Protein chains: 2
Amino acid sequence: MTETENVSRRDFVKMAGAAIGGVALGAVGGYSLIPPKETIVTNEVEVEVEVPQEVPEHPWTYVKLDVDAVKARAYDAYFNGGCCYGVYEGVIGELKETVGFPYTTIPTKISVFGKGGIMGWGATCGVLTGAGMAINVVTTDLAPVNEIMGWYTEEALPIYTPVVALKVEGDIPTSVSGSPLCHASVTNWSNLTGFAENAPERAERCARLVADTAGKVAEMLNDQHDGTFTAAFAVPDSVIECGACHGADGPVNNVFGKMDCETCHGDAHN
Amino acid sequence: MTETENVSRRDFVKMAGAAIGGVALGAVGGYSLIPPKETIVTNEVEVEVEVPQEVPEHPWTYVKLDVDAVKARAYDAYFNGGCCYGVYEGVIGELKETVGFPYTTIPTKISVFGKGGIMGWGATCGVLTGAGMAINVVTTDLAPVNEIMGWYTEEALPIYTPVVALKVEGDIPTSVSGSPLCHASVTNWSNLTGFAENAPERAERCARLVADTAGKVAEMLNDQHDGTFTAAFAVPDSVIECGACHGADGPVNNVFGKMDCETCHGDAHN
């Protein structure tokens, strides 16, 4: 006997639901790109098939991550695609491993472009672009993006010490960047520590900074998941002071931003 | 008669290939998230099923886009998620519509974070972050990312005129940003034109700039697809002059970047 049956995806799921007692498909943990098997009944023949999964609506469900695992993955990834990729792979790579589908649909190498302030331009530090990209996959409440920008500008970094250093062993001196920009951050660190911009210590510093940033992202997302996230960053005094004239309510409203004005315009109105 | 068959995805495809004469699955245009139907034969019963598709390796295959359609989509999108989202949705949204799967797996709202130089910080202009994100999905040859950074800093923008303006009708005055940073770009435009940063004309200017940038991305990717892409941007003279001391081969190697030094450090060494 040979018969042809048209079985649409919707019918599949419906039939599978009937066959397996209405268990919510894919609702349990351990998603994977390999679709779950289900039994369908068609023409009185039971056939076990794999059910195509549709990518869920944005934002995607976050599960709490192991912060240390994120840091280690991010540190290693820096040496395989740069700073932006390092953070993105640190967070999204761990979500792939922990959750599986739909995170497995993201090729994390799409974030390589952000390195060195976007292809070496020295604009926004790539760890922050990677952080923003990662956070925005799992939430539309972007307070953690603002927070990581502030944290990056005010924290003495790097903090992370790898188990096995991939470029330079031992301590790496820290700096407070005062800016979210790659150029300002690197030059400031270079001036403070005496290491050249192209010294291996600078690469090691950036790799550890990648680990710190990815870890901070995971911490914040874990807290946001638990409902315990609180923002600590407040804009620098200079933004408020200069903003009195140059901000939205001032007589010379020509500035938009939260970067510390002093970093570039310390001599303004002197 | 009731029987149970285990049919793995690989067997599915193999069997389907045998059943339908080995036609390459999904290799034709018009991919869609709804998987193609195929006929499998199991226990002498033909069943037409949908075959799960695995997301392809990065980078994803690009098809040439209609530049005008990209611009129009990007312009509209700006008003629905900001500058970074505008460019990303302009390009990736058009790829979803033109190609379908795997682009349909990307929720383009993952790019909202980049607005206003990342959540209003005034760092890298969001159109450039969105451009980098879009380009890096379809290629690992990132020369167009460098090119769009240079183009943005040197071109008099905006150029685009919408069919129906969503904020302010008529001409919008242009400026050459001289910088890839949101803050510098906006302040420069504001100073040149006399419009306040929070004027509706500024929002209209940014929306049109989104269209211009998304269109430029599509043009470059179309050229890259045809093998005719050539880079026009050369780093500013100041980067070469200042780099003689502060660059990789200089005695004070503390600077990393391609941004015009003059924009922020015009008075250095005076």
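Scanning segment A:231-261 for residues that are of a type in the set (D, E, K, R), more than 10 Å from chain B (Cβ to nearest Cβ) and free of Cβ contacts under 8 Å to residues at least 40 places away in the same chain returns A:Asp237, A:Glu241. Hey, does segment B:200-223 have a residue that's in contact (Cβ under 8 Å) with a residue 12 or more places away in the chain and outside any helix (DSSP H, G or I)? Checked segment B:200-223: no residue is in contact (Cβ under 8 Å) with a residue 12 or more places away in the chain and outside any helix (DSSP H, G or I).
Taking the criterion of being among the acidic types (Asp, Glu), under 24 Å from A:Cys245 (Cα atoms) and open to solvent by less than 20 Å² (accessible area, probe 1.4 Å), the residues of segment B:170-217 that qualify are B:Glu197, B:Glu204. Per this entry, A:Ala123 is not counted among residues that are open to solvent by 10 Å² or more (accessible area, probe 1.4 Å) and not β-branched (Val, Ile, Thr). Condition check: surrounded by fewer than 14 Cβ atoms within 10 Å (Cβ to Cβ) and modelled with pLDDT of 95 or more. Does B:Gly227 satisfy that? Taking the combined requirement at face value, the residue satisfies it. Within the set B:Thr153, B:Thr140, B:Thr104, B:Thr161, the sole residue that is out of contact with any helix residue (DSSP H, G or I) (no Cβ under 8 Å at 6 or more places or on another chain) and either open to solvent by 10 Å² or more (accessible area, probe 1.4 Å) or modelled with pLDDT under 95 (or both) turns out to be B:Thr153. Any residue at all in segment A:125-148 that is out of contact with any His (no Cβ under 9 Å at 6 or more places or on another chain) and among the charged types (D, E, K, R)? Checked against the condition, which is being out of contact with any His (no Cβ under 9 Å at 6 or more places or on another chain) and among the charged types (D, E, K, R), segment A:125-148 yields at least one hit.
Among the residues that make up segment A:206-217, is at least one of them over 24 Å from the mean Cα position of the chain (by Cα) and of a type in the set (D, E, K, R)? No: zero hits. Taking segment B:174-190 as the range and being within 14 Å of chain A (Cβ to nearest Cβ) and β-branched (Val, Ile, Thr) as the test, the residues that pass are B:Val186, B:Thr187.
A quick yes/no check of all residues on (1) farther than 14 Å from B:Glu97 by Cα; (2) at pLDDT 60 or above; (3) in contact with a Phe, Trp or Tyr (Cβ under 9 Å, 6 or more places away or on another chain):
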| position | (1), (2), (3) |
| --- | --- |
| B:Ser32 | no, no, yes |
| B:Val41 | yes, yes, no |
| B:Val49 | yes, yes, yes |
| B:Leu65 | no, yes, no |
| B:Arg73 | no, yes, no |
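Evaluation of A:Glu262 against the conditions (1) surrounded by 18 or more Cβ atoms within 10 Å (Cβ to Cβ); (2) of a type in the set (D, E, K, R); (3) in contact with a Ser or Thr (Cβ under 9 Å, 6 or more places away or on another chain) shows that the sole unmet condition is (1).
The values are calculated or read from the model by the stated rules, or taken from the named source; none is laboratory data. Keep in mind that what you see is a predicted model, and the values were worked out from it rather than measured. In this analysis, Cβ positions are derived from the backbone assuming ideal geometry, glycine residues included, and neighbour counts consider all displayed protein chains. The area values use the complete protein model at the heavy-atom level, side chains included, leaving out ligands, DNA and RNA. Shrake-Rupley method; radii C 1.70, N 1.55, O 1.52, S 1.80 Å.
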